[in-house]
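Quick notes on the structure that follows.
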Amino acid sequence: MNQSNYFVMKRKIFIHVALIVILAISFTACKFSQTKKTSDSLDTLNIDSVKVIAKEAYIYAYPMVDAYRIEYAYFIDKTNPEYKAPLNQLRNIAHVFTPADKAVQTPNSDTPYSMAGLDLRAEPMVLTVPKIEKSLFQLPVGRLIHI
């Protein structure tokens, strides 16, 4: 299985699991809201609890899903106009971003970028950076869950 098929499959599985979880919570909430309460216990879910849980799940998962959307556009989908480079290959962007660049909502238009999508499933990657003394330099590295 090549990398593109792997990520497409992973994306489909994530979407299906998310839908199953949402449906399970919805059905559970419907079942509990239709039954009569026999006591004032906190063991039942009402529709307000389900809404709160769904909102918290959305807030928690949205950054990861959006980061994956950007990663997929930049490094996996070669037909996407935002495609930058294959995985494990550094790409230096020779132009500044404009409104035509739509994968990231607000890139800096006065900052040159270099980027790489690193596939660490097989082995770790070693990054070396030259010494830079007279300008600002950042090298952010993160996982989808840390974005």
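The values are calculated or read from the model by the stated rules, or taken from the named source; none is laboratory data. The shown structure was predicted, so the numbers you read here are calculated from the model rather than taken from an experiment. Positions of Cβ are generated from backbone atoms using ideal geometry, with glycine treated the same way; all protein chains shown enter the neighbour counts. Note: accessible area is taken over every heavy atom of the protein model, side chains too, but ligands, DNA and RNA are not part of it. Shrake-Rupley method; radii C 1.70, N 1.55, O 1.52, S 1.80 Å.
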#### Entry: Stretch gain in nm, segment Ala18-Leu90, where the contour uses 0.36 nm per residue and the Cα spacing is subtracted
22.7 nm
### region 83-143, accessible surface, carbon-and-sulfur percent (1.4 angstrom probe)
56
### Query
Can you pick out the pairs among Lys12/Lys102; Lys12/Lys131; Lys51/Lys78; Lys12/Lys51 whose Cα atoms lie more than 32 Å from each other?
Lys12/Lys131; Lys51/Lys78
### Query
Counting other Cβ atoms within 10 Å, which GluC sites (Glu not before Pro) in region 71-144 have at most 12 and lie in a DSSP loop?
Glu133
